[in-house]
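Right, one structure below, let's go through it.
A short reminder: the numbers here are calculations on the coordinates, not readings from a lab. It should be emphasised that the depicted structure is a prediction, and the values quoted were computed from it without experimental measurement. As a convention, Cβ positions derive from the backbone with ideal geometry for all residues, glycine included, and neighbour counts pool all protein chains shown.
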């Protein structure tokens, strides 16, 4: 999967390594919206008895609008991130955590040109954190979010 990711953070005390793949070594990244670098607009003028059409094409170097506003404009969302913290004093001693996030592609329930589809308001919210010691899970925290039935399904 694409997107900007942090691979490693090193400090005097430890090194934190991040992995964005699942157990099959496939990226958990999901494209949450299509890139849109152009906008095609037509305008109709009826000020005269004759009907006229004007066409405009707008191009930009950035996407024209944020298709994933629920996660502050990030176009790639990751469902699972593994963090490994290696202690510099004892490199054989490390801690590992797994973070799981809500990550769902927008729903195409209707189509209006130039407007984004219905997106999940839970995208980017933390679902679960699991702590590991010696490769075995020792603690986990699950988050449950209440969502109005009018906000869409997730």
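Can you sort 128, 8 by how many other beta carbons sit within 10 Å, fewest first? Please report the intermediate quantities before stating the final value.
Numbers: 128 13, 8 10.
Ascending Cβ contact count within 10 Å gives the list 8, 128.
Return the distance in nm (one decimal) between the two label points of a simple spin-label model at residue 7 and residue 98, each offset 7 Å from Cα along Cα→Cβ.
For the pair residue 7/residue 98, the computed spacing is 2.4 nm.
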